[in-house]
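Written below as structure tokens is the structure these notes are about.
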């Protein structure tokens with residue numbers, strides 16, 4: 001009889017505990033759940049395919065595309081920036097004009113939101129030698145009126161030709177050409193390199209006497 005009384009008491013206590021769980025008198029079922037977790041700071045994204053070759057003397061420019069899921073302010077950085085280029089930490093733009101051929105290896109552009117960082121794959125940037133433009137070459141045509149008298153006023157009856165002087169500075173004529181036909185009134189000088197050329201000329205008689213030089217004239221070859 002004592003054993004049965006103990007069992008009955010346990011059952012009553014169990015029912016009493018169950019009844020205390022609800023004010024309506026009906027059993028309740030526990031439904032404990034974890035609160036919705038707050039998402040962590042997600043990493044920004046970066047994309048783009050930087051050009052890996054540029055010709056010396058030509059402009060180079062590359063700007064990656066980047067965004068942050070939370071809209072955070074992004075800051076860019078670069079590893080192994082070429083010496084001839086500039087880099088913007090606010091836009092990630094790499095730009096410049098190389099002067100000579102060369103190779104820069106391991107160029108890597110990264111972006112961070114202050115917590116997480118991501119980067120583009122490292123790349124090699126090669127500067128190739130540019131093709132030199134062809135040299136500038138031009139010509140100049142000089143025209144004149146043949147002299148008919150000497151400086152003393154006597155007639156010039158034995159004109160033998162002309163001598164044309166020319167160079168890159170007035171009065172500094174490094175080259176000359178003899179025109180042996182006195183009947184000519186024009187002459188073309190060819191193969192002049194780029195720049196400004198100055199010209200003066202004289203008349204020469206049959207005895208080899210040479211007049212004073214004319215005032216210089218000029219032409220720019222470009």
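Here are some notes:
- Fewest-first ranking of 188, 201, using other Cβ atoms within 10 Å as the exposure measure: 188, 201
- For residue 86 and residue 222, the FRET efficiency from 1/(1 + (r/R0)^6), where r spans their Cβ atoms and R0 equals 30 Å, is about 0.40.
- Which of 197, 144 has the fewest Cβ neighbours within 10 Å, and the rest in rising order: 144, 197
- Rounded to 0.05, the FRET efficiency of the residue 75 and residue 136 pair, given R0 = 45 Å and the Cβ-Cβ distance, is 0.40.
- Calculated FRET efficiency for the pair residue 215/residue 157, C-beta based, R₀ 30 Å, to 0.05: 0.70
- Of the peptides 89-95, 212-218, the ranking by mean beta-carbon count within 10 Å, highest at the top, reads 89-95, 212-218.
- Orientation-averaged projected area, Cα convex hull of region 45-128 (nm²): 4.8 nm²
Every read-out reported here was derived from the displayed coordinates using simple, explicitly stated rules and does not represent laboratory data. All of these numbers come straight from a predicted model, not from anything done at the bench. Virtual Cβ from ideal backbone geometry, glycine too; neighbours counted across all protein chains shown.
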